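First the structure, then my questions, so here it is.
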Amino acid sequence: MTPIPDTLAGLSLNPVEPSTTAAADFLARGPKGLLIDGRWTPAADGAEFPTVDPATGRQLAMVPRASAQDAEEAVAAARAALKSGPWAASTPEDRSRMLWRIADLLESHLEEFAALESLDQGKVLATAKFGEIPGAIAQFRYYSGAARALEGTTVPTSLRRQGPDKQIFAYTVREPVGVVAAIVPWNSPLLMAAMKLAPALAAGCTVVLKPAENTPLTALLLGELLLEAGVPAGVVNILTGFGQEVGAALATHPDVDKITFTGSTAVGKQLVGDARSNLKRLTLELGGKSPAIIMDDADVARAAAGVSRGIFDNGGQVCVASSRIYAHRLVYEQVLESMVIHAESLNLGHGMDPAAGLGPLVSRAQADRVDTYVAAGRAAGVSVLTGGKQGGAEGTFFQPTVLSGVAEDSPLMREEIFGPVAVVTPFDDPAEVIEWANDSRYGLAASVWTEGLSNAHRMAAEIKAGTVWINCHSYFSPELPKGGHKQSGWGYENGALGLSNYLESKTVCAVI
Ligand code: NAD
């Protein structure tokens, strides 16, 4: 492993004191609790764990470390709220208004959420403030509308009439799937939670939310606002804690009807087994190794800037990050040059420092993981055109890195690194590059950069991925379904497909 220097080229760590940020009040406010049945409570066994600022290692707060016993209580509260009380009796309009109120409250706390996400996760403030928190708000607004558009169908059947005066009347209704365990990762914590909570609540489900252990804070602030919005007790329960502990307890719980999970493919596969006992419904949003293909007729400057943002934003800790970049040989050198300039223009720094273009990765473990990949690549003869170094006092920073000369079978090309590491490869033949793009166990997303309309749509048809962007990358909106083909997941989030994740269909067939 590379030794950790205290400083890196471009690292001007100017840590921002949490007490001077918009998150100060939340951080100073009393002990943090689990939200179970509408009340804040310590973990049943009193256990806690610290959550830290990854840039400095400084503790931000202690939060409860939930166990299976807390999962038991939270699931019981969610079940009770589903069966009776105000939520069970709520109308689509009630739920719609509730979701809109949540969005309004989030909006009025936008600065606070953005600061908290930056401090807890490391991301630069602007990413949270202008991207992820507004994205979370948009989820609640979109599903506020969708809550009022839950429709079944009437179905003409071919069944024979039972008698001269009898008719068959059949229809379908949509019903909430029940108690949902929502398990989310640390890369975009509030946004990932909102992508699950908003449609689940629109459908009438109740939820136990488990944020990632590295980034529990925005979920807890959200919990405060859910109570303020009037979400009835037990409808949303929030358990901070570890995946192998409370996460696994939720995943195997016999009274959980559905798991909605965003995270790694490895844990997703584990959940397939966990869901088996009572055949829980399962939505899996998993890892990726997304290709970006830059054709020779592309607007190269725009393409290079787009794929650079695609891999360096949020330190590459983005499921759809453009981690494999294929550039036509005629534009390859130009793409490399622009990407190197883009990478070197990003100042490493504390996420709350306005001068920072890139914050730390979420943890030392994550930065070590990235370093291990890059070090192995270097040993195998890969060219490091810029970056490639880990650093900072806590070893959590990693320079934006551009690599070339990476073999197709290299782990750098095949595995999800989840760091700011771009692998750039030239191609000559568009048919061959599609094969390379599809030669992956993942199928989450891809982008094609070209000014040729037919090229673009032909390639979009041939690429095996849940999303294909043309002349853009990482563009999301609640209207646009998002999901993974192959080992990138099961099911879709966003849009009407996202809502149907939380609904069962019931057919009623009557002789009348
Ligand atoms: P992770 O799989 O390690 O953890 C995700 C969540 O699962 C965390 O809350 C964790 O505590 C919990 N968990 C871990 N083990 C568990 C278990 N045995 N049972 C139940 N819960 C368990 O993922 P991560 O490292 O937090 O996040 C990074 C991964 O998430 C990357 O692979 C990334 O691609 C993926 N991701 C995917 C999408 C998408 O939409 N496809 C979006 C964001 C992130």
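The values are calculated or read from the model by the stated rules, or taken from the named source; none is laboratory data. Computed from a predicted model, the values in this text were never measured in an experiment. When we count neighbours, we look across all protein chains shown, and the Cβ atoms used for this are built from the backbone with ideal geometry, even at glycine.
Taking the range 79-99 as the region of interest, how many residues are under 26 Å from the mean Cα position of the chain (by Cα) and more than 13 Å from residue 176 (Cα to Cα)?
Within the range 79-99, residues that are under 26 Å from the mean Cα position of the chain (by Cα) and more than 13 Å from residue 176 (Cα to Cα) number 4.
Same structure again: Could you please find all residues in the range 313-360 being of a type in the set (Val, Ile, Thr) and crowded, with 19+ Cβ neighbours inside 10 Å? Steps first, answer last, please.
Restricting attention to the range 313-360, the residues satisfying the condition of being of a type in the set (Val, Ile, Thr) are 318, 320, 325, 331, 335, 340-341.
Once the filter is applied, which keeps residues that are of a type in the set (Val, Ile, Thr) and crowded, with 19+ Cβ neighbours inside 10 Å, the range 313-360 yields 318, 320, 325, 331, 335, 340.
For the list (1) modelled with pLDDT under 95; (2) within 16 Å of the ligand (Cβ to nearest atom), I need the number of the one condition that residue 313 fails.
Every condition holds for residue 313 apart from (1).
Give, as residue ranges, the strands (runs of 3 or more DSSP E) completely inside the range 11-58 that count at least 3 residues that are surrounded by 20 or more Cβ atoms within 10 Å (Cβ to Cβ). Full working, then the answer.
On the way: elements: 34-36, 39-41, 48-52.
Once the strands (runs of 3 or more DSSP E) in the range 11-58 are filtered for at least 3 residues that are surrounded by 20 or more Cβ atoms within 10 Å (Cβ to Cβ), what remains is 34-36.
Scan the range 73-91 residue by residue and report those that are surrounded by 16 or more Cβ atoms within 10 Å (Cβ to Cβ) and either without any contact (Cβ under 8 Å) to a residue 12 or more places away in the chain or under 20 Å from residue 256 (Cα atoms) (or both). Before you say what the answer is, go through the steps one by one.
Just the residues of the range 73-91 that are surrounded by 16 or more Cβ atoms within 10 Å (Cβ to Cβ), to begin with: 73-82, 87, 90.
Result: 73, 74, 75, 76, 77, 78, 79, 80, 81, 82, 87.
Scan 284, 250, 336 and give me the residue that is assigned to a helix (DSSP H, G or I) and within 16 Å of the ligand (Cβ to nearest atom). Full working, then the answer.
Details: 284 fails: assigned to a helix (DSSP H, G or I); 336 fails: within 16 Å of the ligand (Cβ to nearest atom).
Criteria check complete, one pass: 250.
Are any residues in the range 194-244 closer than 18 Å to residue 63 by Cα, assigned to a helix (DSSP H, G or I) and among the small types (Gly, Ala, Ser), and if so, which ones?
Selection gives 219, 223, 243.
Only one of these conditions is not met by residue 133: (1) surrounded by fewer than 17 Cβ atoms within 10 Å (Cβ to Cβ); (2) free of Cβ contacts under 8 Å to residues at least 60 places away in the same chain. Which number is it?
Result: residue 133 passes all but (1).
Another question about this same structure. Any idea how many residues of the range 435-449 are surrounded by fewer than 22 Cβ atoms within 10 Å (Cβ to Cβ) and over 23 Å from the mean Cα position of the chain (by Cα)? Steps first, answer last, please.
Here is the first cut: in the range 435-449, the residues surrounded by fewer than 22 Cβ atoms within 10 Å (Cβ to Cβ) are 435-436, 438-439, 441.
Then keep just the ones that are over 23 Å from the mean Cα position of the chain (by Cα); that gives 435-436, 439.
Here the count works out to 3.
Find the residue count for the range 173-192, including only residues that are more than 8 Å from the chain's Cα centre (by Cα), among the small types (Gly, Ala, Ser) and within 13 Å of the ligand (Cβ to nearest atom).
2
(1) more than 10 Å from the ligand (Cβ to nearest atom); (2) part of a helix (DSSP H, G or I): which one isn't true of residue 164, the others all being true?
Of the numbered conditions (1) more than 10 Å from the ligand (Cβ to nearest atom); (2) part of a helix (DSSP H, G or I), the odd one out for residue 164 is (2).
Report every pair of residues separated by at least 6 positions or lying on different chains whose Cβ atoms are under 6 Å apart, first residue within the range 164-181 and basic (Lys, Arg), second not in a strand (DSSP E or B).
Note: pairs meeting the criteria are 174/150; 174/152.
Being among the small types (Gly, Ala, Ser), away from the ligand (no atom under 16 Å from the Cβ) and outside any loop (DSSP other than H, G, I, E, B): is that true of residue 304 here?
Values: among the small types (Gly, Ala, Ser): yes; away from the ligand (no atom under 16 Å from the Cβ): yes; outside any loop (DSSP other than H, G, I, E, B): yes.
Yes, satisfied.
Moving on to the next point. Restricting the search to the range 390-417, which residues are of a type outside the set (Ser, Thr, Tyr) and surrounded by fewer than 19 Cβ atoms within 10 Å (Cβ to Cβ)? Can you show your working first?
Going residue by residue through the range 390-417, those that are of a type outside the set (Ser, Thr, Tyr) are 390-395, 397-400, 402-403, 405-409, 411-417.
Passing the criteria: 393, 405, 407, 408, 409, 411, 414, 415.
Let me ask something additional. Going by the structure shown, is residue 245 under 18 Å from the mean Cα position of the chain (by Cα) and either in contact (Cβ under 8 Å) with a residue 60 or more places away in the chain or under 25 Å from residue 491 (Cα atoms) (or both)?
Working: under 18 Å from the mean Cα position of the chain (by Cα): no; either in contact (Cβ under 8 Å) with a residue 60 or more places away in the chain or under 25 Å from residue 491 (Cα atoms) (or both): yes.
So residue 245 does not fit the description; no.
Tally time: how many residues in the range 253-269 are in contact (Cβ under 8 Å) with a residue 12 or more places away in the chain, near the ligand (Cβ under 8 Å from one of its atoms) and not in a strand (DSSP E or B)?
Here the count works out to 5.
Which of the residues belonging to the range 456-477 are in a loop (DSSP other than H, G, I, E, B), more than 16 Å from the ligand (Cβ to nearest atom) and surrounded by fewer than 19 Cβ atoms within 10 Å (Cβ to Cβ)?
The first filter runs over the range 456-477 and keeps only residues in a loop (DSSP other than H, G, I, E, B), leaving 463-466, 471-477.
Filter once more, keeping what is more than 16 Å from the ligand (Cβ to nearest atom): 463, 471-472.
Listed by number, the residues that qualify are 471, 472.
Return the residues of the range 69-86 that are over 20 Å from residue 41 (Cβ atoms) and hydrophobic (A, V, I, L, M, F, W, C); say none if nothing qualifies.
So in the range 69-86, the residues over 20 Å from residue 41 (Cβ atoms) come out as 82-84, 86.
Matches in the range 69-86: 82 only.
Restricting attention to the range 193-221, report how many residues are among the hydrophobic types (A, V, I, L, M, F, W, C) and within 12 Å of the ligand (Cβ to nearest atom).
At the first step, the residues of the range 193-221 found to be among the hydrophobic types (A, V, I, L, M, F, W, C) are 193-195, 197-198, 200-203, 205, 207-209, 212, 217, 219-221.
Narrowing further to those that are within 12 Å of the ligand (Cβ to nearest atom): 193, 195, 208-209, 212, 219.
The total comes to 6.
So which residues in the range 478-512 are assigned to a loop (DSSP other than H, G, I, E, B), surrounded by 21 or more Cβ atoms within 10 Å (Cβ to Cβ) and of a type in the set (A, V, I, L, M)?
Selection gives nothing.
Looking at the range 424-433, which of the residues that are surrounded by fewer than 24 Cβ atoms within 10 Å (Cβ to Cβ) and in contact (Cβ under 8 Å) with a residue 60 or more places away in the chain is nearest to residue 314 (Cα to Cα)? Break it down stepwise before answering.
Pass one, the range 424-433, residues surrounded by fewer than 24 Cβ atoms within 10 Å (Cβ to Cβ): 425-433.
After this cut, where a residue has to be in contact (Cβ under 8 Å) with a residue 60 or more places away in the chain as well, the list is 425-428, 430, 433.
Values: 425: 23, 426: 26, 427: 28, 428: 31, 430: 30, 433: 27 Å.
So the residue we want is 425.
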